[in-house]
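Below: the structure, in structure tokens.
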Amino acid sequence: MVQLIVGNKGKGKTKQLLGKVNTEIKEISGNIVYLDKSPKHMYELNNKVRLIDVSQYMIDNSSEFIGFVCGVISQDHDLQQMYFDSFLKIAKLEGQDITAAVEKLEVISKSFEVDFILSVSMDESELPEALKDKVLISL
């Protein structure tokens, strides 16, 4: 399953994402990975959550990002959830249609039973129609 936390920059999406991940880690039996554009939120995350600073991995486009996500999944058979903070930035999708990338994540989610929760810096009204049913929180 892919869920979106949407809202313009500065609306509090990261705070919502951090709150959700720190609540979920206490309730699920598997592992959680948190992808971010920097290690800034390391101390706000429960120490059982694995933080990955995506900026360290020379990702140039959304296809490479999807490959990176698959690589993370392949290394952890107990992975249950992945959180993507600043999704547009880390997936190199700023100013682009995100529909295809989110649909690929949905296929990966079903194949490997990993849930994805994405923080997307855009207003819900700007979201492609095909993705509006995936909105978990709109700020």
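The values are calculated or read from the model by the stated rules, or taken from the named source; none is laboratory data. Please read these numbers as outputs of a predicted model, since none were measured by experiment. Every residue, glycine among them, receives a Cβ derived from its backbone with ideal geometry; neighbour counts consider all protein chains shown. Only protein heavy atoms, including side chains, enter the accessible area calculation; ligands, DNA and RNA are left aside. Shrake-Rupley method; radii C 1.70, N 1.55, O 1.52, S 1.80 Å.
In straight-distance terms, cross-link reach from K110 covers every one of the lysines whose alpha-carbon lies under 22 Å from its own, apart from those fewer than eight places away in the same chain; here that gives K20, K132, K134. The sum of -39500 (n - 2.57) across all DSSP H runs of n ≥ 4, divided by the residue count of the chain, sets its helix-only mean residue ellipticity at 222 nm to -10000 deg cm²/dmol. Residues of segment 35-51 with an amide N closer than 17 Å to a point placed 7 Å from the Cα of D60 along the Cα-to-Cβ direction: none. Accessible area of D97 (1.4 Å probe, protein heavy atoms only, ligands and nucleic acids ignored): about 110 Å². From largest to smallest, the equivalent ellipsoid semi-axes obtained for segment 32-73 from the alpha-carbon gyration tensor read 20, 12, 6 Å. In this structure the chain gives 54 Å² per residue of accessible area when probed at 1.4 Å with all protein chains present.
Here the dipole of the chain is about 440 debye; that uses its Cα centre as origin and unit charges on the Cβ of Lys and Arg (positive) and Asp and Glu (negative). Computed from the Cα positions only, the extents of the chain along the three principal axes stand at 35, 28, 28 Å, in decreasing order. Measuring max minus min along each principal axis, the C-alpha atoms of segment 1-71 give extents of 33, 30, 26 Å (largest first).
The convex hull built on the alpha-carbon positions of segment 100-139 has an orientation-averaged projected area of 3.0 nm².
Equivalent-ellipsoid semi-axes for segment 78-122 (Cα gyration tensor, √(5λ), whole Å, largest first): 20, 12, 7. Computed over protein heavy atoms with a 1.4 Å probe, the carbon and sulfur contribution to the accessible area of segment 77-139 reaches 46%.
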